[in-house]
Amino acid sequence: MSELQIRSEKDIVTSRSQGRKLAAELGFSAVEQARITAAISELARNIYKYAGSGTICIHSEQDIRRIGIFITAKDDGPGIENLQEALQDGYTTGGGLGRGLPGVKRLMDNFDITSSPQEGTCVKVAKYRIVKTTSVFRI
Amino acid sequence: MRIPILKLHNYLLISIQIDLDDQTAIQFQEDLLNKIHQSGATGVVIDLTSVDIIDSFIAKVLGDVVTMSDLMGAKVVLTGIQPAVAVTLIDLGIHLNEVTTALDLEQGLIKLRQELEE
């Protein structure tokens, strides 16, 4: 489990290269690695741009069936005023493309977001890879 | 970090070989426009073969630089977009519809020549 502080633009690059490294180690395909890396990049950029600072946690879990990579992006920023709109394509308050959050949702398998002015914003995403298993049952 | 811009006859050639951070991308945008202005180049090829991630910000910077160059009278072709990058861009909802692309540098130069001679 690694926790990365996001305070500058450089940290965005650092967080995504860490994510790519872990995704590669876990055996994700090149396309899935790129998806995971792009998602981390969007999440880290959101932290930097809207909250100023925060953290990105990346970790993995494995069970018999699948390997998962989990990313948690957390900040103590002002929160997202209108979550429904922020999750729609083309909506932006920051002069960007408005592709960030809806894009991340499409890039990953799981997407969970909580946001409030008191507690900031927390986005949890995950991507899974099915592990080819031989039969786990033995007689 | 500065991205080198090479001049070849009337063209400018750029190969991006680093993991682009925001500052480098913005700097590149400025450098390219200045170089077009100085050199009077009519065509630009930006090769992305070594780029393995484009997020929404970098995509915006690249899309903008194509439009900006166009305003200045230089045609830009993006080349060598990796399969994984193409998939990611579409997931992000970025289609780069107005941008001319080509498979590799060679195809890019051919395309540029065709468009400029028309």
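The values are calculated or read from the model by the stated rules, or taken from the named source; none is laboratory data. This one's a predicted model, so the numbers in the text were calculated from it and none came from an experiment. Cβ: placed from backbone, ideal geometry, glycine included. Neighbour counts: every protein chain shown. Just the protein is used for accessible areas: all its heavy atoms, side chains included, with ligands, DNA and RNA removed. Shrake-Rupley method; radii C 1.70, N 1.55, O 1.52, S 1.80 Å.
In sequence order, the range A:25-32 has phi-based couplings of 4, 7, x, 5, 5, 4, 5, 5 Hz under the Karplus curve 6.51 cos²θ - 1.76 cosθ + 1.60, θ = phi - 60°, and Gly or Pro positions carry x. The H on the amide N of residue B:75, modeled in the peptide plane, is under 5 Å from the matching H of B:43, B:44, each at least 5 residues off or on a different chain.
Karplus-derived 3J(HN,Hα) values for the range B:55-68, using 6.51 cos²θ - 1.76 cosθ + 1.60 with θ = phi - 60°, are 9, 5, 5, 4, 4, 5, 4, 5, x, 5, 5, 5, 5, 4 Hz; glycine and proline are entered as x. What residues of the range B:77-95 lie in the reach of a label at residue B:106, counting those whose backbone N is under 20 Å from a point 7 Å from the Cα along Cα→Cβ? In the range B:77-95, the label zone of residue B:106 (backbone N under 20 Å from the point 7 Å along Cα→Cβ) covers B:77-83.
Of the residues B:52, B:64, B:21, the one with the largest accessible area comes first in the ranking B:52, B:64, B:21, computed with a 1.4 Å probe on protein heavy atoms. Name the most mobile residue of A:62, A:84, A:18, meaning the one with the largest mean-square fluctuation, in a Gaussian network model of chain A with Cα contacts below 10 Å. Looking only at A:62, A:84, A:18, the biggest GNM fluctuation is shown by A:84. Within chain A, the longest segment free of exposed loop sites, counting GluC sites (Glu not before Pro) that fall outside DSSP classes H, G, I, E and B and have at most 15 other Cβ atoms within 10 Å, spans A:1-80. Largest accessible area first, the residues B:103, B:116 order themselves as B:103, B:116 under a 1.4 Å probe with ligands, DNA and RNA left out. Note on surface exposure: B:81, A:130 rank A:130, B:81 by accessible area, highest first, 1.4 Å probe.
Here the range A:2-130 is treated with +1 on each Lys and Arg Cβ and -1 on each Asp and Glu Cβ, and its dipole about the Cα centre works out to around 480 debye. In the structure shown, the pairs A:10/A:132; A:127/B:60; A:49/A:124 are assessed against 29 Å; a Cα-Cα span above that value is assigned to A:10/A:132. Summing Cβ point charges (Lys, Arg +1; Asp, Glu -1) relative to the Cα centre of the range B:6-117 gives a dipole of roughly 420 debye. Relative contact order of chain B: 25 percent, from C-alpha pairs under 8 Å at least 6 residues apart in sequence. For the range A:1-49, heavy-atom accessible area (probe 1.4 Å) falls by no less than 40 Å² from the chain alone to the full protein assembly at A:9, A:13, A:16, A:20, A:31, A:34, A:35, A:42, A:45.
Chain A and chain B together bury an accessible surface of about 1900 square angstrom, both sides counted, with a 1.4 Å probe and no ligands or nucleic acids included.
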